[in-house]
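*Asks:* The structure follows.
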Amino acid sequence: MIKHLILPLLLLFSTLPGQAQDDARSRAILDKLMAKAKAWTSFEADFTSRLENTKDKLDVKQEGNMKVKGKRFRLQLDRNTIINDGKVLYTYNKDNNEVMLSDPAEMDQELDPTKLFTQFETGFKSQFVEEKVDGGVSVQVIKLFPLEPAKKPYHTVVLTIDKAKVEPRVVQIMYKDGNVVTYTLKKFTANSELADGLFVFDKSKYPGVEVNDMR
């Protein structure tokens, strides 16, 4: 389940334009978003997530926070904290007071926030859906479809972009297994001042933590 929850969040910042079958309007919007996103040296986001599956009667809501600075990131999602300090990936679960250490190079590239602005630069076709006002904010809605759907666990991404700020606002991922995940940004700050200590797993702050080194 954690993968279903993390992937849409990353897509929120990484759904960049493909190179085929884009309509002109969606391509122009995505090019503008990509140009701005590539100028970000860091960012922080507070968000809410909702995982739904009508068939399985599943409806899970969570709150989260994500911080990214260069090649490092810190993701807080419910009771899980994931930290990449550039050398080691730490996945900490509060309920079990357990942390798993792994090699960041072995992380699924689609789940790696440090590759947000390159991993999805190609491989999608886009379609403009509508422009509307949502909560007093003018937004533009675009659908994205993977060019090689057999290689993806999802078939459609619906991206909502703040027109004035040119920033992601909402993303909805429709999975082949029936899961639908919606992420809504409550707050987004680009080029934020983030202390280096945020991207370090300090074992002394987790008394009795069980460490599983999977490297």
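*Asks:* Roughly how many Å is it from the Cα centre of the stretch 51-73 to that of the stretch 145-213, as a whole number?
*Replies:* 7 Å
*Asks:* Could the peptides 141-147, 49-55 be put in order, highest first, of the mean number of other beta-carbon atoms found within 10 Å of their residues?
*Replies:* Averaged packing, sorted descending, gives the order 141-147, 49-55.
*Asks:* From the phi angles alone, apply the Karplus equation (6.51, -1.76, 1.60; θ = phi - 60°) to the stretch 198-215 and give each ³J(HN,Hα) in whole Hz, x where the residue is Gly or Pro.
*Replies:* With the stated coefficients, the stretch 198-215 comes to 5, 9, 10, 8, 9, 4, 5, 8, 10, x, x, 4, 8, 10, 10, 8, 9, 6 Hz.
*Asks:* Taking θ = phi - 60°, what integer Hz values does the Karplus form 6.51 cos²θ - 1.76 cosθ + 1.60 yield along the stretch 76-89, in sequence order, with x for Gly and Pro?
*Replies:* Running phi through 6.51 cos²θ - 1.76 cosθ + 1.60 with θ = phi - 60° gives 10, 9, 6, 9, 10, 10, 10, 10, 10, 8, x, 10, 10, 9 Hz.
*Asks:* Still on this structure, I have one more. State whether the stretch 171-215 is rounded, prolate or oblate according to the following rule on the C-alpha gyration tensor (a ≥ b ≥ c being the square roots of its eigenvalues): a/c under 1.5 gives rounded; otherwise a/b larger than b/c gives prolate, and the remaining case gives oblate.
*Replies:* oblate
*Asks:* Right, here's the next one. Pop out the ³J(HN,Hα) list for the stretch 189-197 in order, Karplus 6.51 cos²θ - 1.76 cosθ + 1.60 with θ = phi - 60°, rounded to Hz; leave Gly and Pro as x.
*Replies:* 3J(HN,Hα) across the stretch 189-197, in whole Hz: 10, 8, 6, 7, 7, 10, 5, 4, x.
*Asks:* Hey, can you grab everything whose amide H is under 5 Å from the amide H of Leu58? Only 5+ residues off in sequence or another chain; H modelled, so Pro and N-termini drop out.
*Replies:* Asn53
*Asks:* Quick one: which residues, 5+ away or cross-chain, put their amide H under 5 Å from the amide H of Asp85? H built at 1.01 Å from N.
*Replies:* Tyr90
Bear in mind these aren't lab numbers, they're just calculated from the coordinates by the rules spelled out. Quick caveat: nothing in here was measured; it's all calculated off a predicted structure. A quick note on method: Cβ atoms are made from the backbone with ideal geometry, for glycine too, and the neighbour counts reach across all protein chains shown.
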